[in-house]
Structure formats: structure tokens, C-alpha cells
Amino acid sequence: MIKDNLSAILSSIPSEVTLVAVSKTKAVDRIKEAYESGQLDFGENKVQEMVEKAALLPKNIRWHMIGHLQRNKVKDIIEFIHLIHSVDSLRLLDQINKESIKKKLKTDILIQVKISKDVSKYGFLTNELDNVFKNYLSNKYRNVNILGLMGMATFTDNISQIESEFSLLSSLYNKYSKMTNLKYLSMGMSGDYLLALKYNSNMIRLGSAIFN
Ligand SMILES: *Cc1c(COP(=O)(O)O)cnc(C)c1O
């Protein structure tokens, strides 16, 4: 049962950690079931799917975009999105800023960092982050708030590899926290969230552990 999964997870994590229920590919009825047991944060990785579900579900759900976002789709979510975790290029950051200005909004985002060796994973390289924060601190993106970093570990059962990737992201979070006020370190999925918490994650994104 979704309700039992949620309560087991919530009782095993510190109360200051935000649990994002990753509902991609899950039917609206099952999301409603999670919502009715008190879950308000949901993550999707496709714009179309998120927009369709958001229209059918309660308005107080906090929607998190966790997948690669195309610039031409920013306008479709800008008015209701709670947090965009997957900002992986300056052009996307610029587009989110422009759409936010148009709609007179301030949009909360995370910077996605490529910590994984998987070729398929998106994100800024670690050596590009200085430039991202330099631009941000020079007020280039006035209608965007960078609230933290997001990353995904390599898909592997090599624990020490995953730990070294989480450790890297955690140290980057500490580094940039000294320059601007960051709030969220989004790392950890169903298979590795306990490890992520060990490295100071405070936002975990779980799909299968909740819905399967
Ligand atoms: C699918 C997905 C998750 C959740 O994965 P599970 O292994 O089902 O917990 C977390 N983060 C991102 C970015 C995802 O795409």
C-alpha cells in the first residue's frame, strides 16, 4: 500500500528532509492515494504528463520538475511549478528567467550537477559551476532563485563510487552556500537515499519505494 510505504519512509528519515514522491508514469488515482495520506510534493520528468496530471489533481500539490526540460516547454509549467530541479544549462536558466519576467513571477530552481559517470545523465560539469554562480550573483537572472543543487549518482552497485559522488555534491553545496543562501541539496533515489542522507541530502526523490 502506498500509504504504508509513505509512513515507513517518513518515519525512517529526519523530519527536516523533504520527500518528493516521484509519480512519473503513475496513474492519477495512485497519486491521489498518496495525496490523501498527506503527501504534497510530487516529481515528474515530462512536461506534458505533469501538465495533464496537475489539471486533474488538487491545487495545493507542489509539483517538482526533475527531468530534462526543453526551453520551449518552460512556459507550460512556469505558472504552477513549485521547484525545477533539473536546470542544466545557462540557456535554460535564461529562458526560465525570461518567462518568469513575462508572468511577473519569481521561480525557484536547483542547479543540476553531473556527478555520475553515466553518459546519459544531464547536468553542469563541476568546473562550470563557478561561472553559473558568478552570473547569478551579478543579477543576470533576477526572477530566478537558485535554492540549491541536484544530482544523480551512477547507476551501479558499487557503494564507494556512489558515496564519492554524493560526497562531491555535498562539498559543492557547502562551497556555494558560502556565496549565496542555499536551502536544498536534492540527492537520493529509492536505491540510494540512505547513503545520500549520510552526505547531508535534505531532499530525496523516491518513486519505486513509494509506488511499487
Ligand atoms: C525516476 C527518478 C527518480 C526516482 O527513481 P526511483 O528509483 O524510482 O526512486 C528520482 N530522480 C529522478 C531524476 C528520476 O528521473
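Every number in this text was worked out from the coordinates using simple rules, so none of it is lab data. The shown structure was predicted, so the numbers you read here are calculated from the model rather than taken from an experiment. Cβ: placed from backbone, ideal geometry, glycine included. Neighbour counts: every protein chain shown.
For the ranges 84-90, 155-161, 66-72, 40-46, what's the packing order if you count other beta-carbon atoms within 10 Å of each residue, average per peptide, and put the highest first? Present the calculation step by step, with values, prior to reporting the outcome.
Numbers: 84-90: 22.1, 155-161: 11.3, 66-72: 17.1, 40-46: 20.6.
Result, highest mean first: 84-90, 40-46, 66-72, 155-161.
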Label points 7 Å out from Cα along the Cβ direction at Asn158 and Asn131: separation in nm?
2.8 nm
What distance in nm lies between label points placed 7 Å from Cα along the C-beta direction at Lys140 and Ser7?
4.9 nm
Local net charge near Val74, Cβ-Cβ under 14 Å (Lys/Arg +1, Asp/Glu -1):
+2
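Which helices pass in the chain if a helix is a full DSSP H run, must span at least 20 angstrom along its long axis by Cα, and must have mean Kyte-Doolittle hydropathy not below -1.0? Don't skip to the end; give the middle numbers.
Working: long enough: 159-177 (27 Å, -0.11).
Length and hydropathy pass: 159-177.
So what is the calculated 222 nm ellipticity per residue for the chain, using -39500 (n - 2.57) for each DSSP H run with n of 4 or more, over all residues, to the nearest 500 deg cm²/dmol?
The per-residue figure over the chain is -11500 deg cm²/dmol.
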Could you list log10 I(q)/I(0) for the chain at q = 0.12, 0.17 Å⁻¹, which the Debye formula gives when each Cα is one point scatterer?
-0.60, -1.23
If we count every other residue with Cβ under 13 angstrom of Asp130's Cβ, Lys/Arg +1 and Asp/Glu -1, where does the sum land?
+2
Counting Lys +1, Arg +1, Asp -1, Glu -1, what net charge surrounds Asn145 among other residues with beta carbon under 14 Å of its beta carbon?
+3
Measuring from the lowest to the highest alpha carbon on each principal axis, how far does region 49-161 reach, largest first, in angstroms?
43, 37, 22
